[in-house]
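Asks: Next up is a structure, given as structure tokens.
The values are calculated or read from the model by the stated rules, or taken from the named source; none is laboratory data. Owing to the predicted nature of the structure, the values given are computational and were not obtained by experimental measurement. Every residue, glycine as well, gets a Cβ built from its backbone with ideal geometry; the counts of neighbours run over all protein chains shown. Areas reflect the complete protein model, heavy atoms only, side chains present, ligands, DNA and RNA absent. Shrake-Rupley method; radii C 1.70, N 1.55, O 1.52, S 1.80 Å.
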Amino acid sequence: LYYFPLTFLLDAFSACAVMWLRETQGRRAWVIAFLLLFGWRALIVSDLSYAQSHETRTSSSDWFRANAKPWDRVEFFGNAQLMAHLPAEIASRRIAGRDKWRWESGHGAYLLDYLKREGPRFIYVTPDQTSDPGMVHSRDCPPEVFQALEDGSAGYQLAAYFPTPTLLPGFLHRPRLDHPSVSPPVRIFVRRAGEPAAVSASEKKNSGERSQ
């Protein structure tokens, strides 16, 4: 986002270069340059539009509707705005009920203990504005926690993966934004069978009322 204003400067220089080719190199050179510049921009726009129309959070929402049960809980790391939209009967919150991540570090051991002791049924992992380029999770998720989720030592297994959809092969990938705000890759981990699932006090109350 912060680099967007620079695109106008680059476009101005590109336009000047095309005009210079027109004046000095003849029609063929400037037409080829124009088509290359226009074609590259058209590819980027098409790819971004494709990613928007196949939003990974929408796919994640559909997956939860098909696989989660009423009163299941989904917990996530980092920015709540990147969380999939869920039905009212499926609760969600930041991991371990933490109000807000304040860029602290050293909380990996606490989160691992929490996940093994009373973690929710589902963990939702996606990069956000705190992630370094290429990072597949928020910095709110310590590396050791993500590793434990992936290798199963935290008591979870990967249930669904939604990569960023693209029309372009690797060498033509559109430039990264400052963070993956459009169709970020999403990983959904589910508590393995046999592991105790956490139930909140309100869920216990509702369950008790239904059994009476």
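Asks: I need the strands (runs of 3 or more DSSP E) fully contained in the stretch 71-172, keeping only those with at least 3 residues that are open to solvent by less than 50 Å² (accessible area, probe 1.4 Å), closer than 20 Å to SER59 by Cβ and touching a strand residue (DSSP E or B) at 6+ places or on another chain (Cβ under 7 Å).
Replies: Numbers: elements: 73-76, 91-94, 122-125, 156-162.
Counting at least 3 such residues, we get 73-76, 122-125, 156-162.
Asks: For the stretch 17-37, state whether one or more residues are of a type in the set (Asp, Glu) and at pLDDT 80 or above. Lay out the reasoning, then the answer.
Replies: From the stretch 17-37, those of a type in the set (Asp, Glu) are 23; that's our starting set.
Within this subset, residues satisfying the condition of being at pLDDT 80 or above are none.
No, that holds for no residue.
To keep it simple, each residue is scored yes or no on (1) farther than 15 Å from ALA160 by Cβ; (2) touching a residue at least 40 places away in the same chain (Cβ under 8 Å); (3) surrounded by 13 or more Cβ atoms within 10 Å (Cβ to Cβ).
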site: PHE34; (1), (2), (3): yes, no, yes
site: TRP40; (1), (2), (3): yes, no, no
site: SER49; (1), (2), (3): yes, no, no
site: SER60; (1), (2), (3): no, yes, yes
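Asks: Further question on the same structure: Give the stretch 8-18 a look and list any residue that's surrounded by 12 or more Cβ atoms within 10 Å (Cβ to Cβ) and of a type outside the set (D, E, K, R), or say none.
Replies: Matches in the stretch 8-18: SER14, ALA15, ALA17, VAL18.
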